[in-house]
Structure formats: C-alpha cells, structure tokens
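A.B. asks: Have a look at this one.
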Amino acid sequence: MLLDLLKRDLRLHWDVMTLPYLVLALLMGAIGIANESAGMLGLVFIGSLFVPFLPMAIHLRETSQGTLVDVLSLPVSRTALVSLRYLEVLLFTAAMIALVYLGSSLVLSLTAHKFMTLQSMGREGAAPIALLVLFCFAYPMPFTFRWDGKGLVAAIVLLLTVPTVVGMLVPQKVMEPIALATFQVILHLLTHPGELLLVFLGLMLVSYLVSLRAFLGRDF
C-alpha cells in the first residue's frame, strides 16, 4: 500500500518534489563553474533546508484541494498515510544527498579536467541535517496532521516564543547549567555518530507515534 501511495504522490505532486531539486542542481552547477569546490558541501545544507518541508507541502496541498478526504474514502488506512510522510522525508533526504554528491563530482571533474569527488561530509555534516529534519519535520508534523496549515503556524510560533518566555521567567542561575548541559550533550553526540543515530531515530519514532495519534483522532 505504501508503494502505491508513493507512486500516486510522484504522479500528482511531481512539481512540488522536483522544483527544489532543479534549483539545487542549478546552484550546484553555478558553484562548480566558478570552481569553488569548498562551496559544494554547503549545498548539502542548503538542500537540507527544503527537504523537511516537502512532505508537509504535499499534505497541505492534499487538504486544500480536498483530495485527502477522497483518499481516505478508499481502502487506505490513516496509518499508511502517516507512514508515507515519514518515508518520504527519508527518501527526499537521501535523494538530496545523492544529487549533491554525484552531481558535484561530475561538475568538479569537468572543471578540473580530471576525476574528482566531493569529500564526505562526516559527522559535522550529518548532525546539522539530522537537526533540520527533527526541527523542520518531526516537530511540526503532528501539529500539521491535526490542524493542517494552522497547526504548522502554531508549531512555528511555539518554537519561537516558548524559549523566550522560559528565558524571561526562569532565573539565569537556573538556565545557565541547563544551557551548558545541553551544549555538552550536543558535543558528545557530534563525536559519537552511533549515539546520534539512535537519538535521531528515537525522536523520529516519537514524532511518528504522536502524528499517528493526532491523525487518528481527527474528524473530516
């Protein structure tokens, strides 16, 4: 069922999926022609900015056009639809990384007149991508499943305002140890990719379960 739903999205929402990748390819070509190989790695992070929003964009288009209700009228479970969005974000991220690495290697090889490959992004590159997927997809997705666009806006507003309010209400002597401990945890995860992967998968699982609960409890 998931494969059929994925094929449906590829057929109906190809423009949402392909346009960002075309823009990324053009940027990659421009940087390669300018012979700025160091800038290629930055494209991984540029690409990471739009990837988490693609599944949400598809979901919001479905709800605005009324086609989501049509899909639910078919023998398609809500669990399958939630699983589809999480599968898509992983596939889109993999496609973005593959495009940057393969395309940049081609551009660099052509401009240098010899075979060249982009260096591996390593831990320093994997961590920001994981954080972007968590903050830009895993966090707002349950809100989006429950309240569509209004939920996405609410999630962004909460993310921007809650830390400020907490910082104003909680004494500085309490916040400083918390901030220091958070910074130390991040540094630890950066140097331990295995633990970083486990944390990422764990938070994605929590987000998936909350999204599933939010969507199952929604009336159309």
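A.B. asks: Find the helices (runs of 4 or more DSSP H) located wholly in the stretch 18-82 whose residues include 2 or more that are out of contact with any Ser or Thr (no Cβ under 8 Å at 6 or more places or on another chain) and at pLDDT 85 or above, and list them. Let's see the steps before the verdict.
C.D. replies: Working: elements: 38-50, 53-65, 67-73.
Hits in the stretch 18-82: 53-65, 67-73.
A.B. asks: Please count how many residues of the stretch 195-220 are of a type outside the set (A, V, I, L, M) and within 16 Å of LEU90 (Cβ to Cβ). It would help to see each step written out before you state the result.
C.D. replies: Step one: of the stretch 195-220, the residues of a type outside the set (A, V, I, L, M) are 195, 200, 202, 207-208, 211, 213, 215, 217-220.
Next cut, within 16 Å of LEU90 (Cβ to Cβ) only: 200, 202, 207-208, 211.
Adding up the residues that qualify gives 5.
A.B. asks: Same structure again: Being modelled with pLDDT under 90 and surrounded by fewer than 10 Cβ atoms within 10 Å (Cβ to Cβ) is the requirement here; does MET121 meet it? Write out each step before concluding.
C.D. replies: Working: modelled with pLDDT under 90: yes; surrounded by fewer than 10 Cβ atoms within 10 Å (Cβ to Cβ): no.
No; evaluated as a whole, the condition is false for this residue.
A.B. asks: Can you say whether ALA95 is within 21 Å of the chain's Cα centre (by Cα), modelled with pLDDT under 95 and surrounded by fewer than 20 Cβ atoms within 10 Å (Cβ to Cβ), as far as the supplied structure shows?
C.D. replies: On the way: within 21 Å of the chain's Cα centre (by Cα): yes; modelled with pLDDT under 95: yes; surrounded by fewer than 20 Cβ atoms within 10 Å (Cβ to Cβ): yes.
It is true that ALA95 is within 21 Å of the chain's Cα centre (by Cα), modelled with pLDDT under 95 and surrounded by fewer than 20 Cβ atoms within 10 Å (Cβ to Cβ).
A.B. asks: Mind checking which residues of the stretch 193-210 are modelled with pLDDT of 80 or more and either of a type outside the set (A, V, I, L, M) or loosely packed, with under 13 Cβ neighbours inside 10 Å (or both)? Full working, then the answer.
C.D. replies: If we filter the stretch 193-210 for residues that are modelled with pLDDT of 80 or more, which is where we start, we get 194-210.
Answer for the stretch 193-210, where residues must be modelled with pLDDT of 80 or more and either of a type outside the set (A, V, I, L, M) or loosely packed, with under 13 Cβ neighbours inside 10 Å (or both): GLY194, GLU195, LEU198, PHE200, LEU201, GLY202, LEU205, VAL206, SER207, TYR208, LEU209.
The values are calculated or read from the model by the stated rules, or taken from the named source; none is laboratory data. What you see is a predicted model; the values in this text were computed from it and never measured. Note that each Cβ is placed from the backbone with ideal geometry, even for glycine, and that neighbours are counted across all protein chains shown.
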